[in-house]
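Here is the structure we will look at, set down as structure tokens.
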Amino acid sequence: MRLRLVGRLGEKGVRLALREGTSVLGSAPECDLRLDHPTVSRAHAELTITGEAVTVRDLDSRNGTFVGERRVTTHEVAAGARISFGQVRLTLERVEQDDLVTAAGTQAAPGFEAPEEIRADQIQVRGDIRLPYLKFNRNPGD
């Protein structure tokens with residue numbers, strides 16, 4: 001299961017792709033998931049994904065971690081949950097296979113995973129912008 005956190009940070013949209021295992025979210029450059037906001041602690045929270053289970057654990061942050069309106073220490077969440085780190089409110093979303101597509105709308109083949117640097121869930125498109133066509137070798141050894 002692929003998940004991401006989405007929301008707004010001021011005028012800017014935020015999309016943080018989550019990976020299986022444990023990731024630390026915070027404002028420090030060394031965090032796996034970085035949110036640069038004054039109410040987000042350097043190491044604010046830990047997100048653990050194991051199969052279908054997602055657990056959020058606050059790391060003794062100054063401004064707290066909230067699921068909905070409730071401050072939590074450790075809490076299991078599901079897709080659709082609203083999670084706040086300090087004053088930054090994000091929504092946990094499931095990422096479907098169809099999200100791994102080019103801007104032209106070509107569906108990804110089953111089992112295909114785009115290289116991380118061009119994954120559609122990490123590209124922000126505004127207005128009438130077209131992404132360049134990218135060609136992949138059918139045989140990686142070629």
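Quick look at the numbers
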| quantity | calculated |
| --- | --- |
| Boolean, Val14 is crowded, with 16+ Cβ neighbours inside 10 Å, modelled with pLDDT of 95 or more and either β-branched (Val, Ile, Thr) or not in a strand (DSSP E or B) (or both) | no |
| Residue ID - modelled with the lowest pLDDT, chosen from residues in the range 32-52 that are surrounded by fewer than 17 Cβ atoms within 10 Å (Cβ to Cβ) and acidic (Asp, Glu) | Glu52 |
| Near pairs, Cβ below 7 angstrom, 6+ apart or cross-chain, from the range 21-38 (farther than 23 Å from Glu11 by Cβ and among the hydroxyl-bearing types (Ser, Thr, Tyr)) to any residue that is assigned to a strand (DSSP E or B) and modelled with pLDDT of 95 or more | Thr22/Glu46; Thr22/Thr48; Ser23/Leu33; Ser23/Leu47 |
| Of the criteria (1) surrounded by fewer than 16 Cβ atoms within 10 Å (Cβ to Cβ); (2) farther than 27 Å from Glu96 by Cα; (3) touching a residue at least 12 places away in the same chain (Cβ under 8 Å), which one Thr74 fails | (2) |
| Options Thr55, Thr65; residue that is open to solvent by less than 60 Å² (accessible area, probe 1.4 Å), within 17 Å of Gly7 (Cβ to Cβ), without any contact (Cβ under 8 Å) to a residue 24 or more places away in the chain and in contact with an Asp or Glu (Cβ under 6 Å, 6 or more places away or on another chain) | Thr65 |
| Residues that are farther than 20 Å from Ala79 by Cα and either within 14 Å of the chain's Cα centre (by Cα) or open to solvent by less than 40 Å² (accessible area, probe 1.4 Å) (or both), drawn from the range 17-31 | Gly26, Ser27, Ala28, Cys31 |
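The values are calculated or read from the model by the stated rules, or taken from the named source; none is laboratory data. None of the values given here were measured: they were computed from a predicted structure. Quick reminder, even Gly has a Cβ in these numbers, built from the backbone with ideal geometry, and neighbours come from all protein chains shown. Ligands, DNA and RNA are stripped out before the accessible areas are found, and what is left, the full protein with its side chains, is counted by its heavy atoms. Shrake-Rupley method; radii C 1.70, N 1.55, O 1.52, S 1.80 Å.
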